[in-house]
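Structure, as structure tokens:
Throughout, read-outs are computed from the coordinates displayed, never taken from laboratory work. The shown structure was predicted, so the numbers you read here are calculated from the model rather than taken from an experiment. Here the Cβ positions follow ideal geometry from the backbone for every residue, glycine too, while neighbour counts run over all protein chains shown.
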């Protein structure tokens, strides 16, 4: 009698499992790829004298079937760790990122992708990113080839490569942002202040009182260490321009300033209006869009009132972008500025007098704000500027290091909340009275 009951139970359970097998697999997310592997395994077992086909009593030979502690195995058990493709393109290029099921880059493996009609490309440095440039405009199909220990998608992904650059923020820019723990900061962070080299000794290093439409502020980075922003506010600082990051002078890595988050939060909490700057070492327009995309991602959750400035300086003559011609550098800078502007933020360029005169074409950049760095009692720069960094040797209560001091001549509306999801940035500075004309009559 007991044997009959077991047989009957086995038959019913087997029919239920067989009928609902596809449904179970769909709920588990098991693709046809896994099904094919299971079929191959059954065929292999059959060749060795085992059962093949629909064996309704197979579960009886599974010693763990009735064990209440046994759960469905994860999909990864079938063929290793799941990996997926993420792709983006700025213009005539393709960036492919191999990520896991939670969107993290998968490193440490030389993945290979096939771009149909173009060829195969290997992640030789095993950083989870494959970059291809020089592509023609059009639609491309990409697939990830089999990799031992990983389950690759059993699909072909398509992407449209454009001929011209679209100045928009890259959705996957987060994958390119590194911290200083990931790089050799001593070799990469090579920002050199040209204004210091050209200083004539007549600069005023005092914290100037605001006068007329001019406001006094500071710009800071990791070099200024930990800042007591409440004391800075009490000292009379009316705005702060904060470095959010830089591109490495050697490798070209996009690097977060280690003090950025602490500085921008501290300043805003102390009710000090903020702007940001980024030190560029971009060597083409694609890299400029990357830099701008990084900046936008870093500031979009904060109320950034002042402009986003591109710090255009030398890396001591050894930087990857130091050898650019003025015309080429200007075109690259414009790609950064246009991308920031398209995102709704005011933007501009920072540089010393000699740099602005010789290393960029300021006529081509006249639609943007200019932040002049010239350490002299009266600037000799003969162009228009909207902010003036008048010394790098300032002293402000709450900052233990020397700090850059600035005067701002722009009319900044701090009543607008520019954070993501709020009112947003209008992209327009009210009035042009902030322009300081030739002769620099403040």
In bins 5 Å wide, starting from 0, what share of all Cα pairs of segment 173-408 does each bin hold, as a percent? 1, 7, 15, 20, 21, 18, 12, 5, 1, 0
Tell me the relative contact order for segment 80-161 as a rounded percent, counting alpha carbon contacts under 8 Å between residues six or more apart. 34 percent
Grab the Cα-Cα distance for residue 300 and residue 200, subtract it from 0.36 nm times how many residues apart they are, and report the gain in nm with one decimal. 32.1 nm
Pseudo-spin-label distance residue 145 to residue 265, built 7 Å along Cα→Cβ, given in nm, is 4.5 nm
